[in-house]
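First comes the structure, then the notes that go with it.
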Amino acid sequence: MYKHLEEITLNTWPAQQTLLLHGWVLRYAGGYTKRANSVSPLYKPEGKSAEELISLCEAFYSGCVLDTVFKITPYTEPDDLDERLHRKGYAVADPSSVRVLDLERVPEPDREAVWQERLDDEWLDGLARLNGLSLRDRELTRDMLKNSALRQGFFRLMEHGSTVACGLGVVHNGYVGLYDIVTDVRYRRRGMAQQLILNILAWGKRVGARASFLQVVDRNEAAVALYDKLGYEEVYTYKYRIKKTHPQMEEES
């Protein structure tokens with residue numbers, strides 16, 4: 001039922017390059033985030049065996065000087081791929097949850113955020129500072145987001161002229177997806193993230209979204225608790241299988 005949502009998650013967090021390989025989707029973005037540097041085996045392979053395709057994926061990512069990473073969802077094709085990768089020594093990483101929320105259930109925010117539908121240095125600077133991004137990853141983020149044809153909303157909460165929370169909303173096929181929700185450590189547990197998200201959801205609803213989705217790593221207990229509070233419901237889970245051959249890539253899933 002939600003296989004189309006997996007496609008939407010790929011579209012709303014773009015990679016620098018996307019390749020199709022006999023039904024599998026390979027993404028590359030310089031190693032920044034697993035979701036943009038991994039294989040999504042969404043469709044049944046045609047013309048090649050799974051073993052042949054795994055070898056081709058490994059050769060591709062090795063050429064990029066990256067670990068080979070597979071995103072394993074309930075929709076993975078073939079359905080025994082997870083076990084195949086396990087036998088090949090691929091380790092499990094970042095079990096995560098995909099959740100959705102009907103926007104009719106969402107209250108209006110109590111606090112107004114600064115926002116715009118254009119990526120700029122102020123938003124990027126805030127994200128880089130709050131997430132501790134290197135200059136390289138900051139510029140990779142710019143490159144990944146700047147050419148998207150989808151509607152994007154860049155949001156910030158301000159205190160004393162400084163960004164204390166920021167996030168991104170992306171609207172696609174009736175959904176608004178949440179990305180890069182982060183709060184300054186000095187302002188956590190004050191409801192900042194909740195107010196930021198409510199601003200993004202209100203914007204999404206205004207521009208035509210009917211529901212929201214997000215992806216959250218299970219170990220991020222604070223985020224999971226917040227999304228539970230907002231009413232997001234899990235619709236499926238995923239994990240990564242990683243073959244470590246190069247220095248560790250950015251941890252964000």
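The values are calculated or read from the model by the stated rules, or taken from the named source; none is laboratory data. Quick caveat, the model's predicted, so the values are computed rather than measured. Note: ideal-geometry Cβ built from the backbone for every residue, glycine included; neighbour counts use all protein chains shown.
Scanning region 156-171 for residues that are over 17 Å from Arg188 (Cα atoms) and either surrounded by 17 or more Cβ atoms within 10 Å (Cβ to Cβ) or at pLDDT 95 or above (or both) yields Leu168, Gly169, Val170, Val171.
Residue count for region 121-148 under the criterion of being among the acidic types (Asp, Glu), within 24 Å of Asn37 (Cα to Cα) and in contact (Cβ under 8 Å) with a residue 12 or more places away in the chain: the result is 3. Taken together, the criteria exclude Gln116 from residues that are farther than 24 Å from Gly231 by Cβ, outside the structural domain of Ala209 (by TED's automatic domain parsing) and in contact with a strand residue (DSSP E or B) (Cβ under 7 Å, 6 or more places away or on another chain). Output the residues belonging to region 174-195 that are surrounded by fewer than 16 Cβ atoms within 10 Å (Cβ to Cβ) and within 18 Å of Trp123 (Cα to Cα). The answer is Val185, and nothing else.
Pick from Ser62, Ser49, Ser55, Ser40: which is touching a residue at least 12 places away in the same chain (Cβ under 8 Å) and either more than 27 Å from Val235 (Cα to Cα) or in the same structural domain as Gly204 (by TED's automatic domain parsing) (or both)? Reasoning before the result, please.
Working: Ser49 fails: touching a residue at least 12 places away in the same chain (Cβ under 8 Å); Ser55 fails: touching a residue at least 12 places away in the same chain (Cβ under 8 Å); Ser40 fails: either more than 27 Å from Val235 (Cα to Cα) or in the same structural domain as Gly204 (by TED's automatic domain parsing) (or both).
Residue meeting the stated conditions: Ser62.
Being touching a residue at least 40 places away in the same chain (Cβ under 8 Å), surrounded by 13 or more Cβ atoms within 10 Å (Cβ to Cβ), β-branched (Val, Ile, Thr) and more than 24 Å from Tyr2 (Cα to Cα) is not true of Thr73. Somewhere in region 42-49, is a residue modelled with pLDDT of 95 or more and either in contact with a strand residue (DSSP E or B) (Cβ under 8 Å, 6 or more places away or on another chain) or under 23 Å from Pro14 (Cβ atoms) (or both)? No, region 42-49 has no match at all. Filtered by the rule that a residue be in contact with a Pro (Cβ under 8 Å, 6 or more places away or on another chain) and in a helix (DSSP H, G or I), region 108-154 gives Met144, Leu145.
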